[in-house]
1. Need pairs with beta-carbon distance below 7 Å; first residue farther than 16 Å from His150 by Cβ and within region 239-250, second in a strand (DSSP E or B) and near the ligand (Cβ under 9 Å from one of its atoms); sequence gap 6+ or separate chains.
2. State all residues of region 226-260 that are surrounded by fewer than 17 Cβ atoms within 10 Å (Cβ to Cβ), assigned to a helix (DSSP H, G or I) and either within 14 Å of the ligand (Cβ to nearest atom) or of a type in the set (Phe, Trp, Tyr) (or both); if no residue qualifies, say none.
3. List pairs: first in region 295-308 and within 26 Å of Phe231 (Cβ to Cβ), second assigned to a loop (DSSP other than H, G, I, E, B) and aliphatic (A, V, I, L, M), Cβ under 8 Å, 6+ apart or cross-chain?
4. Provide a single number: the residues in region 261-293 that are closer than 21 Å to Ile321 by Cβ and either surrounded by fewer than 21 Cβ atoms within 10 Å (Cβ to Cβ) or more than 16 Å from the ligand (Cβ to nearest atom) (or both).
5. Is one or more of the residues making up region 182-200 more than 30 Å from the chain's Cα centre (by Cα), modelled with pLDDT under 95 and in the same structural domain as Phe292 (by TED's automatic domain parsing)?
6. Just the residues that are surrounded by fewer than 19 Cβ atoms within 10 Å (Cβ to Cβ) and in contact with a strand residue (DSSP E or B) (Cβ under 9 Å, 6 or more places away or on another chain), please, taken from region 159-176.
7. Hey, Arg181 hits all of (1) among the basic types (Lys, Arg); (2) within 14 Å of the ligand (Cβ to nearest atom); (3) surrounded by fewer than 23 Cβ atoms within 10 Å (Cβ to Cβ) but one; which does it fall short on?
8. How many residues does region 245-285 hold that are β-branched (Val, Ile, Thr) and over 30 Å from Pro299 (Cα atoms)?
Amino acid sequence: MQEKLKTIESEALEQLALAKSLAELDNIRVKYLGKKGVLTDILKGMKDVPPEERPIIGQLANKIKDTLSTELDKAIEAMKVKEYSAKLASEFIDITLPGRRHITGKKHPLTQITEEIVEIFKGMGFQVADGPEVEIDYYNFDALNMPEHHPARDERDSMYIKDGVLLRTETSAVQIRVMERQKPPVRVIVPGKVYRRDDDLRHSPMFQQVEGLMVDEHIRFSDLKGVLVSFIQQMFGKGTKYRFMPDFFPFTEPSAQVHIGCAVCKGSGCKTCSNTGWLEILGSGSVDPEVFKAVGYDPEKYTGFAFGMGIERVAMLIYGIDNIRLFFENDLRFLQQF
Ligand code: DAH
């Protein structure tokens, strides 16, 4: 019996030494010291031991029980410390490591240019207006004084959705909508998308314009010139050269296209400006009395001016880009440069 007890003790101590977790230690406690444990069993069976041996066996069994529970307590304490430091180590954050860089999005270069243009005109008292991209003939052509057989109405140039309904070909259509809505004074700019059947290095079937319209009593051509020259200086720089050239638009009379000195060659002539030293940036003019009649303004009382500018065109000049498609391909290597 004494032999058996000693074996149990050394077996238990050996298992204690090998235990790898608190759970394993608990299993050992249950196995040896629990209610149905090995030692408990032996102590319960003392009545079968011959009376003269009982004190010795009893003493031994109790001693082993004490040893085991002391050792178990020690092992549990040690295991707790070990598991805690393992947990700390696994959750350790090295705050000295460099951070991971996130790629942040930016505004598209055309959005940036549009916002810049809009800000400049806001500074001169213009308000932003808009209108539908799907437009009817009346606003896109008739009310803008375009004769019925004007070539721009041709299906080869415009994108029709059905008879009389098309994707607007110019933001000028919004001039009419604005004037129908309000009485003078009018001072609006209209940034927006327009659509034409055009597709090459400089033209895209969808592009953007900013329309401008100012109407009141006593608005003169010199007001148009003052506003546009101030815009040119703010957008392209104070010393930028400019010129106003005669042109024709059905909705303005007289009309002018505005050129600025080519920023690429500084006027000496290059590919960008087709060797002229000048670049056209917009069309403009005094509002034609026919347009006022269409919206019910009295042409004897009111005068005004209008202009229309291609946003991609301005962006290409400012950034020195010669292929309009770069704006729409969304190649990050291109977009990240702005
Ligand atoms: N709508 C013209 C175009 O798309 C640009 C334009 C010219 C707008 C003269 C105007 C203007 O308001 O007065 O080519």
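1. Pairs that qualify, where the first residue is farther than 16 Å from His150 by Cβ and the partner is in a strand (DSSP E or B) and near the ligand (Cβ under 9 Å from one of its atoms), are Phe244/Ala256; Met245/Ala256; Met245/Gln257; Pro246/Ala256.
2. Across region 226-260, there are no qualifying residues.
3. Tyr302/Ile219; Thr303/Ile219; Gly304/Ile219; Phe305/Ile219
4. Going residue by residue through region 261-293, those that are closer than 21 Å to Ile321 by Cβ are 261-282.
Within this subset, residues satisfying the condition of being either surrounded by fewer than 21 Cβ atoms within 10 Å (Cβ to Cβ) or more than 16 Å from the ligand (Cβ to nearest atom) (or both) are 261-280.
Number satisfying all stated conditions: 20.
5. Of the residues in region 182-200, the ones more than 30 Å from the chain's Cα centre (by Cα) are 182-187.
Next, from what is left, pick out any that are modelled with pLDDT under 95: none.
No, every residue in region 182-200 fails to be more than 30 Å from the chain's Cα centre (by Cα), modelled with pLDDT under 95 and in the same structural domain as Phe292 (by TED's automatic domain parsing).
6. Within region 159-176, the first condition is being surrounded by fewer than 19 Cβ atoms within 10 Å (Cβ to Cβ), and the residues that meet it are 159-165.
Residues satisfying the conditions are Met159, Tyr160, Ile161, Gly164, Val165.
7. With respect to (1) among the basic types (Lys, Arg); (2) within 14 Å of the ligand (Cβ to nearest atom); (3) surrounded by fewer than 23 Cβ atoms within 10 Å (Cβ to Cβ), Arg181 is out only on (2).
8. Filtering region 245-285 for residues β-branched (Val, Ile, Thr) gives 252, 258, 260, 264, 272, 276, 281.
If we keep only those that are over 30 Å from Pro299 (Cα atoms) too, we end up with 260, 264, 272, 276.
Counting residues in region 245-285 that are β-branched (Val, Ile, Thr) and over 30 Å from Pro299 (Cα atoms) gives 4.
The values are calculated or read from the model by the stated rules, or taken from the named source; none is laboratory data. The structure presented is a predicted model; accordingly, all values stated were derived computationally and were not measured. For neighbour counting, all protein chains shown are included, and Cβ atoms are generated from backbone atoms with ideal geometry for every residue, glycine included.
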